[in-house]
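Note sheet for the following structure.
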Amino acid sequence: MESENKPNFDPRDHQHLRYNPLRDSWVLVSAHRMKRPWKGQVEKPSEDSVPRHDPNNPLCPASTRANGEVNPEYDSTFLFENDFPALQPDAPDPGSDHHPLFRTKAARGVCKVMCFHPWSDVTLPLMQPEEICKVIDKWAELIEELGPTYPWVQIFENKGAMMGCSNPHPHCQVWASSFLPNEPALAERCQRAYLQKHGEPMLLEYARMEAQAQERVVVENEHWLVVVPYWATWPFQTLLLPRRHILRLPDLTSQERNSLASIMKRLLTKYDNLFEVSFPYSMGWHGAPTGHYLKEDMNHWQLHAHYYPPLLRSATVRKFMVGYEMLAQEQRDLTPEQVTLEYLHKIAHQILAFKTQKNTNP
């Protein structure tokens, strides 16, 4: 009788744990917390328009950077050495360890900055697909250039002041390191173990299952799939996956690169339309490690990109990873399925509004 009185589980109302196989960790999902009134911090939306060209902006064409170098009058992508690199190729070795509690290792590498476009007011979703293709081609070239020397080449973009971006000009960074960083090392271990146990690359199987279920798919095309991961931590987090087995960006065919440019534009346009704001996020590519790993069997890896936006309820309310998240484990306030419906509902509403406007305006 007692079991008959228990309510049926509903992920929208009952907290539960979800497993993240890429990190071998668990996420606490507490969707009912979205019902609580918000009395926390409210961000001020940016009121300043970004000028197309600012001669004082060090990322603009023909501008002078901090080291005194003058940028060329570039008209596409532009790559240069970071003037304030976190990694340097000739850093000295700190020496041997003296105690297990006080360990150090050498860390060497190079850091580059890549501008996407000569105009400061043109973000990726506002660029033409052929312009985005040039960005993708340059990313692949960087993997080929730096990969033979460094085991990890991290391509990442921080977009928006909310994500710590100090310059509004559309750009990304590339850090190549002599070591395998923590997150890629974790993904390496988990993907290798999954293939050994299940006989198929983890994310290849995952993409196929998500495409079949259609519960968390945000956008898709012939070669790519974007989903809100089943184990997502950030509210509007997405995972960009190829449909075929691909290890690294240089392995993409020209058709797949064109298709990637298209789906990136569609995804980032959805982000901007979600709260009608230039959507902040951090994104990055993860592919099979390089360096000495190029000579090893890395078929357990699958190329993918992570998008981590901080916004929670609106353009002015963000998700903070504090308290329980820092001291216990990751927690989110919306189920990934609810977020996917929010994407689809918003787009459907915008289509309806467009049709209404078109019918009422001669």
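At a Förster radius of 41 Å, what calculated FRET efficiency corresponds to the Cβ-Cβ distance of Glu69 and Ala185, to the nearest 0.05? Calculated value: 0.75. Sorted largest first by accessible area at a 1.4 angstrom probe radius, with every protein chain in place, the residues His32, His117 fall in the order His32, His117. These residues, Asp297, Asp272, go from largest to smallest accessible area, 1.4 Å probe, as Asp297, Asp272. Surface exposure of segment 213-254, expressed per residue as accessible area with a 1.4 Å probe, stands at 32 Å². Think of segment 187-317 as a dipole: +1 on every Lys or Arg Cβ, -1 on every Asp or Glu Cβ, centred on the Cα centre; then among Ser282, Asn299, Tyr194, Ser282 lies furthest on the positive end. Packing-based ranking of 227-236, 275-284, 11-20 yields 227-236, 275-284, 11-20, ordered from highest to lowest mean Cβ neighbour count within 10 Å. Based on protein heavy atoms only, segment 108-167 ends up with 38 Å² per residue of surface accessible to a 1.4 Å probe. Sites listed here are chymotrypsin sites (Phe, Trp or Tyr not before Pro) in segment 41-142 whose DSSP assignment is loop and whose Cβ has at most 10 other Cβ atoms within 10 Å: Phe102. For Arg108, the residues 5 or more places off, or on other chains, whose built amide H falls under 5 Å of its own are Ser178, Phe179. With a 1.4 Å probe rolled over the protein heavy atoms of all chains, the accessible area of His98, His53 falls in the order His98, His53, largest first. Measuring only protein heavy atoms, the 1.4 Å probe finds Tyr324 accessible over about 120 Å². Here the translational diffusion coefficient of segment 177-336 follows from Stokes-Einstein with Rh set to the Kirkwood radius across Cα pairs; for 4 °C and 1.567 mPa s it amounts to 76 µm²/s. Computed over the chain, the percent of Cα pairs more than 38 Å apart is 22.
Note on segment 94-177: Rg/Rh from C-alpha atoms, Kirkwood Rh, equals 1.13. With each label modelled as a point 7 angstrom along the Cα→C-beta vector, the Glu337-Leu294 pair spans 4.6 nm. Split the accessible area of the chain by element, probe 1.4 Å, and carbon with sulfur accounts for 53%. Counting heavy atoms of the protein chains alone, Thr149 has an accessible area of about 100 Å² for a 1.4 Å probe.
The values are calculated or read from the model by the stated rules, or taken from the named source; none is laboratory data. Note that the structure is predicted; figures quoted are calculated from it, not measured. Because the Cβ atoms are built from the backbone with ideal geometry, glycine has one as well, and the counts that use them run over all protein chains shown. SASA here: full protein model, heavy atoms, side chains in, ligands and nucleic acids out. Shrake-Rupley method; radii C 1.70, N 1.55, O 1.52, S 1.80 Å.
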